[in-house]
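The values are calculated or read from the model by the stated rules, or taken from the named source; none is laboratory data. Just so we're clear, the structure is a prediction, and the values are computed from it rather than from any experiment. We place every Cβ from the backbone using ideal geometry, glycine too, and count neighbours over all the protein chains shown. Heads up: the accessible areas ignore ligands, DNA and RNA and are worked out on the full protein's heavy atoms, side chains in. Shrake-Rupley method; radii C 1.70, N 1.55, O 1.52, S 1.80 Å.
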Amino acid sequence: MTDASMDTPRPRRAKTSLVSEDARTKKRNAAEKRFQAYGIAAIATGLFFLAVLAFSIVRSGLPAFTTTVVDVNFTLTQEQFDEAEGQLFKTKAYSGYFITALQKKLEAENVQVAFDEAAIERIMGKIGGTLREYYTANPDQLGQEVAFKLNASSRVDGYFKGRVQRETLQDSRFLTLADLDLVDALAEAGIVHSAFDWGFITGADSGVDNPGGAGIGASVVGSFFMMLVVLFLSLPIGVAASIYLEEFAPQNRWTDMIEVNISNLAAVPSIVFGILGLAVFIQFMHLPQSAPLVGGLVLTLMTLPTIIISTRASLKAVPPSIRDAALGVGASKMQSVFHHVLPLAMPGILTGTIIGLAQALGETAPLLLIGMVGFVARGYPDGFISGFTDPNSAMPAQIYTWAARADQAFYEKAWGGIIILLIFLLTMNIIAIILRRRFERRW
């Protein structure tokens with residue numbers, strides 16, 4: 001029976017060739033090509049939506065960097081100054097002088113249009129108070145021609161940018177159709193035109209009735225001081241905790257519980273850290289409310305898990321042979337870690353730190369809970385120490401405040417603030433890439 005089974009002929013295998021493909025190879029190659037096509041399609045889809053997002057942000061935010069200004073050369077004599085200061089309604093007298101000078105300029109340009117003090121106030125604000133404030137502070141300019149560059153009202157600015165249309169405009173105390181005729185006449189005479197708005201970059205937040213004067217500069221300074229607190233607290237604490245857990249801590253239940261809690265803290269919503277900061281730092285420790293110091297402490301708690309996890313991953317990536325070689329030549333455990341392992345892990349540590357800082361820079365919810373809202377940033381701090389303790393805002397909170405206001409001009413400012421915030425985030429990520437390339441070592 002055994003001999004009979006051995007005599008049974010075996011089925012012959014199909015002959016294969018290195019030149020021609022069989023059916024199974026063709027099927028496998030086709031599946032591989034389909035998978036590559038799926039990957040390319042996924043990348044193209046992501047790039048498409050990224051391009052759409054970038055285009056929407058730039059298109060909506062660029063108008064925030066320009067403003068409509070009124071350029072007027074005005075001369076006030078000493079007699080007119082004394083006469084205006086002797087009247088009961090001083091700013092009204094200054095407005096009258098300005099209107100007279102503007103009418104003469106338009107007549108010289110052969111522009112015939114009628115306007116009054118109310119129209120001037122609707123177009124460029126209370127010009128009388130501006131003139132009185134300037135000449136009171138600069139009496140040496142009396143009798144000389146002074147070039148005033150005044151910001152137009154937000155609705156006139158919206159008319160130049162297309163937000164306000166003649167067809168849909170209804171006469172109100174803010175703007176009328178007759179005012180638009182005056183604006184067109186001033187534009188033809190070269191008095192009203194668009195210019196780059198430096199005040200948006202260097203200024204502070206304004207009231208709800210003055211979107212044209214709103215700026216993000218003070219909030220940028222608040223974010224800077226806040227990031228200093230986060231950097232100088234989270235980096236040494238996070239790196240020290242990572243070195244201990246990875247290199248020195250024994251493997252027991254205590255360290256296992258710490259590792260689990262660190263992983264859980266990395267997934268906690270940011271608003272929880274805001275509630276913690278409000279309860280501990282403000283209500284219990286009585287630290288100054290709305291200060292970048294408190295904001296930095298809250299964001300430090302939120303950033304620490306990210307830095308610890310990335311630092312431990314960088315330490316693990318260093319080959320064990322580095323440690324063994326250092327210990328083999330007589331180095332202590334601490335010397336092997338700080339002289340050999342830590343320098344090799346530095347690129348990953350720096351990358352994780354900067355990514356954590358970039359994440360903290362864009363957080364809004366914790367800052368709102370501790371009072372770092374946009375309207376508290378009324379100016380720049382007086383000094384370095386006051387930059388940490390004085391009430392201030394941050395860029396994300398300022399953007400949120402503008403987006404929550406009803407005026408369309410503030411919504412435009414919010415888009416402009418997003419552009420500045422993205423520039424900061426891109427800069428931080430570029431620095432992370434450069435540092436990683438600078439310190440990276442291959443083996």
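For ASP181, put the label point 7 Å out on the Cα→Cβ axis and report which residues of region 92-107 keep their amide N under 12 Å from it. Residues passing the 12 Å test: none.
Sorted by accessible area with a 1.4 angstrom probe, largest first, how do VAL52, VAL329 fall? Walk me through the numbers on the way to the answer.
Working: VAL52 65, VAL329 125 Å².
Correct descending sequence by accessible area is VAL329, VAL52.
Taking region 63-196, how much of its Cα-Cα pair set, in percent, is spaced more than 22 angstrom apart?
On the way: 3412 of 8911 pairs.
Counting every Cα pair in region 63-196, those more than 22 Å apart make up 38 percent.
Out of region 81-162, which GluC sites (Glu not before Pro) are coil in DSSP terms and have no more than 14 other C-beta atoms within 10 Å? Mind dumping the intermediate values first?
Working: sites: GLU83, GLU85, GLU107, GLU109, GLU117, GLU121, GLU133, GLU145; in loops: GLU109.
Answer in residue order: GLU109.
Could you sort 408-415, 389-396 so that the peptide with the highest average Cβ count within 10 Å comes first and the rest follow in order?
Working: 408-415: 21.5, 389-396: 25.1.
Result, highest mean first: 389-396, 408-415.
Distance between the pseudo-spin-label points of PHE439 and GLU85 (7 Å out from Cα toward the beta carbon): 6.3 nm.
Computing Cα Rg over 2.2 N^0.38 Å directly from the structure and comparing it against (i) 1.50; (ii) 1.05; (iii) 0.99 singles out (i). Sequentially through region 269-277, phi angles give Karplus couplings (6.51, -1.76, 1.60; θ = phi - 60°) of x, 5, 5, 5, 5, x, 5, 4, x Hz, Gly and Pro residues having no value and appearing as x.
As an exercise, identify the chymotrypsin sites (Phe, Trp or Tyr not before Pro) in region 29-104 lying in DSSP coil whose Cβ has no more than 13 other Cβ atoms within 10 Å.
Those that pass, being in a loop and sparsely packed, are PHE89.
Solvent-accessible surface of the chain, taken per residue with a 1.4 Å probe and all protein chains present: 58 Å². Note on region 246-343: with neighbouring protein chains present and a 1.4 Å probe, carbon and sulfur make up 67 percent of its accessible heavy-atom surface.
Applying both filters, DSSP loop and at most 16 other Cβ atoms within 10 Å, to the trypsin sites (Lys or Arg not before Pro) of region 32-85 eliminates every site. Counting only heavy atoms of the protein chains and using a 1.4 Å probe, HIS193 has close to 60 Å² of accessible surface.
Between SER20 and GLU259, the C-beta separation translates, for a Förster distance of 56 Å, into a calculated FRET efficiency of about 0.50. Cross-link partners of LYS90 among lysines, defined as those whose alpha carbon lies under 30 angstrom from its own and excluding same-chain residues fewer than eight positions apart: LYS104, LYS105, LYS126, LYS149. Would you mind getting me the FRET efficiency between ALA403 and VAL111? Use the beta-carbon distance for r and R0 = 30 Å, nearest 0.05. Approximately 0.15, to the nearest 0.05.
All C-alpha pair distances within region 217-439, sorted into 5 Å bins from zero, spread as 1, 7, 13, 16, 16, 14, 11, 8, 6, 4, 2, 1, 0, 0, 0 percent across the bins. Shown is the FRET efficiency for ALA118 and VAL280, computed with R0 = 51 Å from the Cβ-Cβ distance and rounded to the nearest 0.05: 0.40.
Placing unit charges on the Cβ atoms only, positive for Lys and Arg and negative for Asp and Glu, gives the chain a dipole magnitude near 3200 debye about its Cα centre.
For region 47-57, putting each phi into the Karplus relation 6.51 cos²θ - 1.76 cosθ + 1.60 with θ = phi - 60° gives couplings of 5, 5, 5, 5, 5, 5, 5, 5, 5, 5, 5 Hz, in residue order, rounded to whole numbers and with x for Gly and Pro.
Across region 331-343, computed HN-Hα scalar couplings (Karplus, 6.51 cos²θ - 1.76 cosθ + 1.60, θ = phi - 60°) run 6, 6, 4, 5, 5, 5, 6, 7, 9, 10, 6, 4, x Hz from first to last residue, x flagging Gly and Pro.
Report the charge-dipole magnitude of region 217-439 in Debye, nearest 20, computed about the Cα centre from +1 at each Lys and Arg Cβ and -1 at each Asp and Glu Cβ. Write out the running numbers ahead of the final one.
Values: 11 positive and 10 negative charges, 80 e Å.
I would put it at about 380 debye.
When only alpha carbons of region 125-182 are considered, Rg and Dmax amount to 15.5, 47 Å.
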